[in-house]
Structures are given as C-alpha cells and as structure tokens.
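Asks: Input: one structure, supplied below.
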Amino acid sequence: MSKRELNKYLDTLSHEQMKEQVLDLYGRFKEVKEFYNFVFNPKEDKLLEDARFKISKEYFPISSRRPKARRSVAQKLIKHFIRLGVDPLVVGDLMLYNLEIAQSYSATRFIRQDSFFTSMLRSFDEALSYLLEHGLRDEFEDRIQDIVKQSFEQNWFNRGAFEQLAGKSE
C-alpha cells in the first residue's frame, strides 16, 4: 500500500476508528510502543546511557565471558536512535563513543582480524558523514582528531585512511 492509498483510507475513518487503530498498533507492535513512549517521554540521557552500556559490554563484558566486539550491536542502536528521532547531537555522541570504546579495547588486546579495523573505518566514515549532514562536525572535532591520533598510536594498518577521511570532511 502506498502512502497515498493509506492517506485515502485514513480519510474515510472517523476519529474514534482512527483512535482504535492507533491503540491496536500500540498493543501489537513493540516499535510503535517504543516510538510513542519516546515521543511523550523523551529521556534521551537514559537512552544514551543504556546504549553506551550495551556497547561497552561488547568489548568489556561484566561477566568472565570473552568479549565479542561486534560492530553490529552499536549499528543497531544507532539506527534505532535515528528512527526514534533522537537529537542528532546524541546520535553523533554515540557514534563516536562506539569508535572510542573499540580503540580502548584494541589498546589492551592484540587484534589479528583486519575486518575489525575495516569495520571501524566504516563506522568512522558513517559518523563523519552524519556529523557533516547535521552541521555538528565542529562540536566533535576534538574527539574526531583523538580517534585519528589513536589509530596512529595503535598502529592500525588503515590509519592513513582515518586521517584522510578526517581531513577530507572538514
């Protein structure tokens, strides 16, 4: 169903029918419930704190299990924040936090997989694009430069690409 068709259908509904449909969606779909909960009670600080905890747990688990260091966990959280309409400043902060915690992890462990460094470069590129798109690059410039600096200090094989991306997007 296209948006236009949906609009036509919604025009045929009474206020009471529309209310019933929204309540039904709220009860059936977790995403709808999360959206309305966020819209009417946007606790962005709490959301950010929970997301940071989940990301850090990927690299530094509380229990004695091995770290999984999955980029996908942070990516899902970031997409969720964007879908909810969280303030771009908070989303940008989370994007850079993901990189910073990954660099903290790589500073304490030797990582053999090139895919780790490649995925971090992809995350860096996405973060820079997002920050530029929302005019927030200057807000985070120090953290961006620290990420580039860390890639050099930790001798990441793709450190030149980090520097190039940071310089290109200025």
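Asks: In segment 8-42, what residues are open to solvent by less than 90 Å² (accessible area, probe 1.4 Å), of a type in the set (S, T, N, Q) and either assigned to a helix (DSSP H, G or I) or in contact with a His (Cβ under 6 Å, 6 or more places away or on another chain) (or both)?
Replies: Within segment 8-42, Q17, Q21, N37 meet the criteria.
Asks: I'm trying to understand the selection: among the residues of segment 113-164, which are in a helix (DSSP H, G or I) and farther than 19 Å from I101 by Cβ? Step through it out loud before you land on a result.
Replies: Step one: filter segment 113-164 for residues in a helix (DSSP H, G or I), giving 114-133, 138-153, 159-164.
Listed by number, the residues that qualify are D114, S129, L132, E133, D138, E139, E141, G160, A161, E163, Q164.
Asks: Next up: Counting just the residues of segment 94-122 that are hydroxyl-bearing (S, T, Y) and within 20 Å of D50 (Cβ to Cβ), which one comes out most open to solvent (accessible area, probe 1.4 Å)?
Replies: Step one: filter segment 94-122 for residues hydroxyl-bearing (S, T, Y), giving 97, 104-106, 108, 115, 118-119.
Then drop every residue that is not within 20 Å of D50 (Cβ to Cβ), which leaves 97, 104-105.
Details: Y97: 38, S104: 55, Y105: 26 Å².
Per the criteria, the residue is S104.
Asks: Here's something else I'd like to know. Name the single residue, out of those in segment 43-71 being in contact (Cβ under 8 Å) with a residue 24 or more places away in the chain and assigned to a loop (DSSP other than H, G, I, E, B), that is farthest from P88 (Cα to Cα).
Replies: Among those that are in contact (Cβ under 8 Å) with a residue 24 or more places away in the chain and assigned to a loop (DSSP other than H, G, I, E, B), it is P67.
Asks: Restricting to segment 26-72, name every residue that is aliphatic (A, V, I, L, M) and at pLDDT below 95.
Replies: Initial filter on segment 26-72 (aliphatic (A, V, I, L, M)): 32, 39, 47-48, 51, 55, 62, 69.
Once the filter is applied, which keeps residues that are aliphatic (A, V, I, L, M) and at pLDDT below 95, segment 26-72 yields V32, V39, L47, L48, I62, A69.
Asks: What's the number of the condition R83 fails, among (1) surrounded by 13 or more Cβ atoms within 10 Å (Cβ to Cβ); (2) assigned to a helix (DSSP H, G or I); (3) within 14 Å of the chain's Cα centre (by Cα)?
Replies: Result: R83 fails condition (1) only.
Asks: For a quick check of your reading of the model, give me the residue pairs whose first member lies in segment 26-39 and is farther than 14 Å from H80 by Cα, whose second is open to solvent by 80 Å² or more (accessible area, probe 1.4 Å), with beta-carbon atoms closer than 7 Å and at least 6 apart or on different chains.
Replies: Between residues of segment 26-39 that are farther than 14 Å from H80 by Cα and residues that are open to solvent by 80 Å² or more (accessible area, probe 1.4 Å), the close pairs are Y26/K33.
The values are calculated or read from the model by the stated rules, or taken from the named source; none is laboratory data. Since the structure is predicted, the reported quantities are computational estimates derived from the model, not experimental observations. Every residue, glycine as well, gets a Cβ built from its backbone with ideal geometry; the counts of neighbours run over all protein chains shown. To get the accessible areas, we keep the full protein, side chains included, count just its heavy atoms, and leave off ligands, DNA and RNA. Shrake-Rupley method; radii C 1.70, N 1.55, O 1.52, S 1.80 Å.
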